[in-house]
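Have a look at this one before I ask anything.
The values are calculated or read from the model by the stated rules, or taken from the named source; none is laboratory data. Computed from a predicted model, the values in this text were never measured in an experiment. Here Cβ is always computed from backbone atoms with ideal geometry, including for glycine, and neighbour counts include all displayed protein chains. Note: accessible area is taken over every heavy atom of the protein model, side chains too, but ligands, DNA and RNA are not part of it. Shrake-Rupley method; radii C 1.70, N 1.55, O 1.52, S 1.80 Å.
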Amino acid sequence: MQRTLGVGLVGYKFMGKAHSNALRKISMFFDPDVSIMLKAICGRDEQGVKQAAQKFGWESYETSFEKLVKRDDIDIIDITAPSNAHKDLAIAAAESGKHVFCEKPLALNLADAREMLAAVKKAGVKHQIGFNYRFAPAVQLAKQLIDSGKIGQIYHFRGLYLQDWIIDPDFPLVWRLDKSVAGSGSHGDLGAHLIDLARFLVGDFSRVIGMSKTFIKRRPLVEQMTGLSGKAKSDAPMGEVTVDDATLFLTEFECGALGSFEATRFANGHKNGMSFEINGSKGSLKFEFERMNELWYYSADDSEGLRGFRLIQATEPVHPYAGAWWPVGHVIGYEHTFVHELFEFVQSIAKGRPATPDFEDGVKCNQVLEAVERSVEEGAWIRVSDL
Ligand code: SOE
C-alpha cells in the first residue's frame, strides 16, 4: 500500500487557498509516490477556519497551532501565515519532527531566517520555501537553456516586479505595509521573488547598492482585508506606513554578471508585472509572468538574416511539468506553479532526496534583502557575504 503523508496547513486566506488548491490537484495531474491527505487547516478565527476547511476540502480544522503540530496524523506543516509568524511556527514544527514548507520571505530578517534553517537541519526534516515562480515551465526552460550553455556567459540580469494595488493614498494600512508583520514592503514581498529567480538562473550575489522610497507615509487603518484588497471606514484613524513602497538596487553577481532590480507597488497599470531579461555571450532570454506560458529566446548562432527573438510556447510535453496538464497550447496559470512546487516537496519526502528551493535558499534571499537595506541606510555598496 502507498505511504500517506498528512498535511497541516497554517493560514486560509490568499496563500492558504492557493496551497489548498495545489495540494488537492497534485494527485489528479501528477503521480506522486505517496497519498496526500489534507488532514487539518489551522487559523485563529474559528468561524473563518471552519468555513475554509469545508470549502477547501480539509478533513478537520484547528484553532491552536500547538495542537496541530502535535497531531500524529500530520507529517507536513505548510506555513502560509504572514511573515512575522513564520519563525515560531517553523521551529515548533521542526522540533515536533514535521517536514516544513514555508511561504516567502522565509523570515522578517536574516537572523531569524538562520535560526529557522538551524532548526530544520537539527531536526533532520525536509524543508522548502515557496518561491513558486521557479516552477513555471517557461522559467524551467530558461534554466535548461542556461545550463546547456545556449546563452553562454551571462552578462546581464534585469528584473522588474511592478504592481499598483496600493497606489491610491486612501488604500488602508494592511499587514503588508507594517514592518513588524511583513519585514519589508515591495522589497521583501516582490523583490524576494526576483532575487530568488536571479539566484536560480545566474547564481549568487556578490555586492549590492540600493535606493528605497515610501511615497505615502500615512494611511487609514484597515477594517477588513480579503486577498490583496482592503477596506477602511471613511472616518478611520490614520497610521504610519513602516515599509518601502519601492526598492531598486544594482548588483554584481559572483560570476561577474551585472544585475538591476526594481520592485514597486506604485507602477500604475501594472497588476502582477514580474519580468526578467538575461543577456549572455551566445543569446538572450526574456520572460513576463503575465504571459507565463511563453519564453523569448534569441540565439546569436542563428544564421545571418534570420536572427531575432523567437517566441517559444512552453506547453509541450518536453517542457518541465507542462506534459502533466493539457494538450499542447492549452495554457496553464498562476495556481499551477503552486501545484508544481508542492508536488516536488512531497516527492522529496517520498524519495528521501533534498527539497529545492530550501531554507538555505530562503536564508540567502534574506541575506540579499538585508544587504540592500543596509546599503540604503549607508548609501554605499555592501558585500553580501559580510552579513
Ligand atoms: C502581493 O504583492 C503578492 O501576492 C505577493 O505576496 C506574492 O508573493 C506575489 O507572487 C504576487 O503578489
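So, in Å, what gap is there between the alpha-carbon centers of region 1-66 and region 118-183?
Taking the Cα centre of region 118-183 as reference, the centre of region 1-66 is 23 Å away.
Working out 0.36 nm times the residue gap between GLU378 and LYS55, then minus their Cα-Cα distance, what length gain in nm do you get to one decimal?
On the way: separation 323, 0.36 × 323 = 116.28 nm, distance 4.89 nm.
Residue separation times 0.36 nm, minus the Cα-Cα distance, leaves 111.4 nm.
Which loop trypsin sites (Lys or Arg not before Pro) in region 7-41, with loop taken from DSSP, have no more than 13 other Cβ atoms within 10 angstrom of their Cβ?
Sparse-neighbourhood loop trypsin sites (Lys or Arg not before Pro): none present.
Here's a follow-up. Select from SER186, SER83, SER260 the residue whose mean-square fluctuation is largest in a Gaussian network model of the chain (Cα-Cα springs shorter than 10 Å).
In this elastic network of the chain, the residue with the biggest mean-square fluctuation among SER186, SER83, SER260 is SER260.
Length gain on complete extension for the stretch TYR155 to ARG24, per 0.36 nm per residue less the alpha carbon to alpha carbon distance? Don't skip to the end; give the middle numbers.
On the way: separation 131, 0.36 × 131 = 47.16 nm, distance 4.11 nm.
The TYR155-ARG24 span can extend by a further 43.1 nm.
Could you tell me which of rounded, prolate or oblate describes region 80-130, using a ≥ b ≥ c as the square roots of the eigenvalues of the alpha-carbon gyration tensor, with rounded for a/c under 1.5 and, failing that, prolate when a/b is larger than b/c and oblate otherwise? Numbers along the way, then the final one.
Working: a/c = 1.72, a/b = 1.40, b/c = 1.23.
Prolate, since a/c reaches 1.5 and a/b exceeds b/c.
Remind me, relative contact order of region 1-146 in percent, using alpha carbon pairs under 8 angstrom and six or more residues apart? Before the final figure, lay out the partial values.
Working: 241 pairs, mean separation 29.6, N = 146.
It comes to 20 percent, rounded to a whole number.
Rank LEU311, LEU295, LEU23 by mean-square fluctuation in a GNM of the chain with C-alpha springs under 10 angstrom and give only the top-ranked residue.
In this elastic network of the chain, the residue with the biggest mean-square fluctuation among LEU311, LEU295, LEU23 is LEU311.
Let me have the relative contact order for the chain, percent, based on Cα pairs under 8 Å that are six or more residues apart.
20 percent
Each residue of region 326-337 in turn: what ³J(HN,Hα) in whole Hz from Karplus with 6.51, -1.76, 1.60 and θ = phi - 60°, glycine and Pro shown as x?
Along region 326-337, the couplings run 10, x, 3, x, 8, 5, 10, x, 3, 5, 5, 5 Hz.
Using 0.36 nm per residue of separation minus the Cα-Cα distance, give me the extension gain between LEU221 and MET238 in nm, one decimal.
Numbers: separation 17, 0.36 × 17 = 6.12 nm, distance 0.56 nm.
The LEU221-MET238 span can extend by a further 5.6 nm.
List the trypsin sites (Lys or Arg not before Pro) within region 304-351 that fall in a DSSP loop (any state other than H, G, I, E or B) and whose Cβ has at most 14 other Cβ atoms within 10 Å. Could the numbers behind the result be given before it?
Details: sites: ARG307, ARG310, LYS351; in loops: ARG307.
Answer in residue order: ARG307.
Only Lys, Arg, Asp and Glu count, each charged at its Cβ (+1, +1, -1, -1), so figure out the dipole size of the chain about its Cα centre, rounded to 20 debye. Each step should come with its number before you reach the end.
On the way: 45 positive and 51 negative charges, 88 e Å.
Rounded to the nearest 20 debye, it is 420 debye.
Let me ask something additional. Just add up the charged neighbours of ILE74: K/R +1, D/E -1, any other residue whose Cβ is under 11 Å from the Cβ of ILE74.
-1
Springs between alpha-carbon atoms under 10 Å, Gaussian network over the chain: tell me which of GLY283, GLY362, GLY333 tops the mean-square fluctuations.
Result for the chain, Cα springs under 10 Å: GLY333 fluctuates most.
Spin-label point model (7 Å from Cα, Cβ direction): what's the SER260 to LEU306 distance in nm?
Placing both labels 7 Å along Cα→Cβ, they lie 3.3 nm apart.
Which value, in Å², gives the accessible area per residue of the chain when a 1.4 Å probe is used on the protein heavy atoms? Write out the running numbers ahead of the final one.
Values: 17040 Å² over 387 residues.
So the chain comes to 44 Å² accessible per residue, rounded to a whole number.
Can I ask one more? Can you compute 3J(HN,Hα) from phi for each residue in region 115-131, using the Karplus curve 6.51 cos²θ - 1.76 cosθ + 1.60 with θ = phi - 60°, rounded to whole Hz and x for Gly and Pro?
5, 5, 5, 4, 5, 6, 5, 4, 6, x, 9, 6, 9, 8, 10, x, 8
Between the DSSP loop rule and a limit of at most 14 other Cβ atoms within 10 Å, which GluC sites (Glu not before Pro) in region 245-297 are left?
Numbers: sites: GLU252, GLU254, GLU262, GLU277, GLU288, GLU290, GLU294; in loops: GLU254.
Within region 245-297, the qualifying GluC sites (Glu not before Pro) (loop, at most 14 other Cβ atoms within 10 Å) are GLU254.
Taking amide H positions as placed 1.01 Å from N in the peptide plane, with prolines and chain starts having none, which residues 5 or more places from LYS104, or on another chain, fall under 5 Å of its amide H?
GLY130
Run the accessible area of the chain with a 1.4 Å probe and give the carbon-and-sulfur part as a rounded percent. It would help to have the intermediate numbers written out before the result.
Values: 8400 of 17040 Å².
Ligands and nucleic acids excluded, carbon and sulfur give 49 percent.
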